[in-house]
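Here the structure is laid out as structure tokens; the discussion comes afterwards.
The values are calculated or read from the model by the stated rules, or taken from the named source; none is laboratory data. All values derive from a computational prediction rather than experimental measurement. FYI the Cβ positions are ideal-geometry reconstructions off the backbone, even for glycines, and counts take in every protein chain you see. Side chains are part of the model used for accessible areas, which takes the heavy atoms of the whole protein and leaves out ligands, DNA and RNA. Shrake-Rupley method; radii C 1.70, N 1.55, O 1.52, S 1.80 Å.
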Amino acid sequence: STTQVAKGTIVIESNIAGSAITIDGRADTNWQTPHMFTLPQGTYRVAVSRDGYSTWFKNVHVIPGNKRWITADLRPPRGVIVIDTDPPGMQVVIDGKPYGPSEVEAALGVGSHTYKVIPPGGEHPFEGTFVLKPGDILTRKIRWFRPANQPSAQNRPDARESQGKSKSLKGKEQS
């Protein structure tokens with residue numbers, strides 16, 4: 001006699017139709033959002049991906065006789081920049097947009113960005129650039145030395161890891 005394996009259904013959708021679906025590392029060219037799967041009971045690692053977006057992951061539990069809809073929310077890859085100043089409270093501008101007084105933390109798209117720190121008293125701002133990779137958390141600490149009026153930048157990985165992974169930037173700040 002053959003044993004029937006209890007099965008359930010999951011429907012995988014995404015905010016960008018036609019995204020590729022993998023289940024437990026297996027893929028098929030026909031597996032694109034939206035797509036319905038009937039699977040044996042159990043927990044599956046579902047990934048939804050599309051070029052130019054961060055891959056979405058979720059562990060999905062399939063319950064026999066149950067139908068479940070899952071929507072993957074794909075987002076362009078992002079990183080985080082933290083700009084801190086000494087003394088604190090200087091105005092920070094990133095990519096031409098004012099972000100207010102330091103300390104400033106901003107989630108931005110990956111790629112190259114410019115920043116400017118404007119000191120009080122009409123002195124010349126300090127300008128720099130940084131490159132964000134997906135999942136990066138970069139920190140720029142700008143120290144304003146009053147006697148020489150020359151700012152400096154230091155690179156350091158941020159101690160507060162928001163996603164359990166932090167990458168330090170290789171190389172030195174260009175100024």
Quickly run through the range 71-85 and pick out the residues that are hydrophobic (A, V, I, L, M, F, W, C) and either under 24 Å from THR43 (Cβ atoms) or open to solvent by 70 Å² or more (accessible area, probe 1.4 Å) (or both). ALA72, LEU74
Of everything in the range 40-57, what is on the phi < 0 side of the Ramachandran plot, part of a strand (DSSP E or B) and either open to solvent by less than 80 Å² (accessible area, probe 1.4 Å) or touching a Gly at 6+ places or on another chain (Cβ under 8 Å) (or both)? Give them in sequence order. PRO40, TYR44, ARG45, VAL46, ALA47, VAL48, SER49, TRP56
Suppose the filter is under 15 Å from the mean Cα position of the chain (by Cα) and either polar (S, T, N, Q) or assigned to a strand (DSSP E or B) (or both); does PHE37 pass it? no
Could you grab the pairs with beta carbons closer than 9 Å, sequence gap of 6+ or different chains, first residue in the range 61-88 and under 18 Å from GLY135 (Cα atoms) and in contact (Cβ under 8 Å) with a residue 60 or more places away in the chain, second one of a type in the set (Lys, Arg) and open to solvent by less than 70 Å² (accessible area, probe 1.4 Å)? VAL82/ARG140; VAL82/LYS141
Neighbours by Cβ (under 7 Å, 6+ apart or cross-chain): first from the range 11-26, farther than 17 Å from SER54 by Cβ; second among the aliphatic types (A, V, I, L, M) and modelled with pLDDT under 95: none
Please find, within the range 86-119, the residue that is surrounded by the most Cβ atoms within 10 Å (Cβ to Cβ) out of those that are touching a Leu at 6+ places or on another chain (Cβ under 8 Å) and part of a loop (DSSP other than H, G, I, E, B). VAL110
Condition (residue is closer than 30 Å to SER19 by Cα, touching a residue at least 12 places away in the same chain (Cβ under 8 Å) and out of contact with any Lys or Arg (no Cβ under 6 Å at 6 or more places or on another chain)) applied to the range 116-127: is it met by at least one residue? no
ARG68: of a type in the set (D, E, K, R), open to solvent by 80 Å² or more (accessible area, probe 1.4 Å) and modelled with pLDDT under 95, yes or no? no
